[in-house]
Amino acid sequence: MYQKILMPTDGSPCSLQALEHGLDLAKTLGAKVHFLYVLENPAQAIWIAPESVPYGMELLEDLRKAGEEAIRKALDLARAKGVEATGEVKEGVPIPTIVEAAKEYDLLVMGTHGRTGLDRLLLGSVTEGVLHRTSVPVLVVRCR
């Protein structure tokens, strides 16, 4: 049923729980997995004063390194479970970037903290945003 699974990750413990679950499913189904880390450029997300531009470039590079590390860990986990996997760091806005990438896959596997109330309002949820915008089935793993 599911042969190509997209697993967006941000490298967080919650995301790693979702990856574990998704990789177990992929192994059972014999599916291929693709990990995606969306790197949101801070200069596009927030206003940066001209004097902070040099640090902004350093911040972007630090975020890129974090993304590459998250993908490396995900690929190591897939290898350890015997699941065929690829991964990439892609620059963009998380929700539309994931929704666009999902068009190539049979299933999305994502984690969520399950926040409610003010936390949900203030912090938002990439997973919820993707759920409302994609036609691809989404397996949501609630973090413990």
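The values are calculated or read from the model by the stated rules, or taken from the named source; none is laboratory data. These figures come from a predicted structure and were not determined experimentally. Counting neighbours? That spans all protein chains shown, and the Cβs are built from the backbone with ideal geometry, glycine included. These accessible areas exclude ligands, DNA and RNA; they are computed on the full protein's heavy atoms, side chains included. Shrake-Rupley method; radii C 1.70, N 1.55, O 1.52, S 1.80 Å.
Selection within region 73-101: residues that are of a type in the set (G, A, S) and buried (at least 20 other Cβ atoms within 10 Å of the Cβ). The member of this set that is nearest to L131 (Cα to Cα) is A101. The requirement of being assigned to a strand (DSSP E or B), open to solvent by 10 Å² or more (accessible area, probe 1.4 Å) and among the charged types (D, E, K, R) is fulfilled nowhere in region 5-24; no residue meets it. Do you know which residues across region 96-127 are outside any strand (DSSP E or B), at pLDDT below 95 and under 17 Å from L6 (Cβ atoms)? Of everything in region 96-127, those that are outside any strand (DSSP E or B), at pLDDT below 95 and under 17 Å from L6 (Cβ atoms) turn out to be V126, T127. Candidates in region 38-68 are the residues that are of a type in the set (G, A, S) and modelled with pLDDT of 90 or more; of these, the one that is nearest to A101 (Cα to Cα) is G67.
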